[in-house]
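Engineer: Pasting in a structure now, in C-alpha cells, and then I'll have a few things to ask.
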Amino acid sequence: MSQFVNRLTRLTLAALLAAVALGSQFAAALEVGDKAPDFTLQASDGQTYSMSQFLGEKPVVIAFFPKAFTGG
C-alpha cells in the first residue's frame with residue numbers, strides 16, 4: 001500500500017507542477033494588439049538581434065523557416 005501511495009503522490013505532484021507551468025504559459029500569451037516583448041534571436045547571418053534595437057526605428061518582421069528536408 002505504501003508503494004501505491006508514494007506513486008500516487010508523485011503523480012499528483014507532477015500533474016500539479018505541469019498545470020502550474022502550463023497555466024503561467026497561457027497567462028503570458030500575447031493578444032491581438034499587444035506590444036511585442038523584448039527578445040533576442042540569432043539571425044541567419046549569424047548575428048544576434050534584439051527587439052529593443054529596432055524599437056521606434058523600423059518595422060520588425062519575424063519569419064521562421066524550418067531547416068530544409070526536416071518535414072516541417
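Engineer: Take the conditions loosely packed, with under 10 Cβ neighbours inside 10 Å, modelled with pLDDT of 80 or more and either in a helix (DSSP H, G or I) or not polar (S, T, N, Q) (or both) and apply them to residue 45. Does it pass? Before the answer, list the steps.
Structural biologist: Numbers: loosely packed, with under 10 Cβ neighbours inside 10 Å: yes; modelled with pLDDT of 80 or more: yes; either in a helix (DSSP H, G or I) or not polar (S, T, N, Q) (or both): yes.
Against the criterion (loosely packed, with under 10 Cβ neighbours inside 10 Å, modelled with pLDDT of 80 or more and either in a helix (DSSP H, G or I) or not polar (S, T, N, Q) (or both)), residue 45 qualifies.
Engineer: Now a separate question. Filtering segment 17-42 down to residues that are at pLDDT 80 or above and loosely packed, with under 10 Cβ neighbours inside 10 Å, which residue is nearest to the chain's Cα centre (by Cα)?
Structural biologist: 37
The values are calculated or read from the model by the stated rules, or taken from the named source; none is laboratory data. Computed from a predicted model, the values in this text were never measured in an experiment. As a convention, Cβ positions derive from the backbone with ideal geometry for all residues, glycine included, and neighbour counts pool all protein chains shown.
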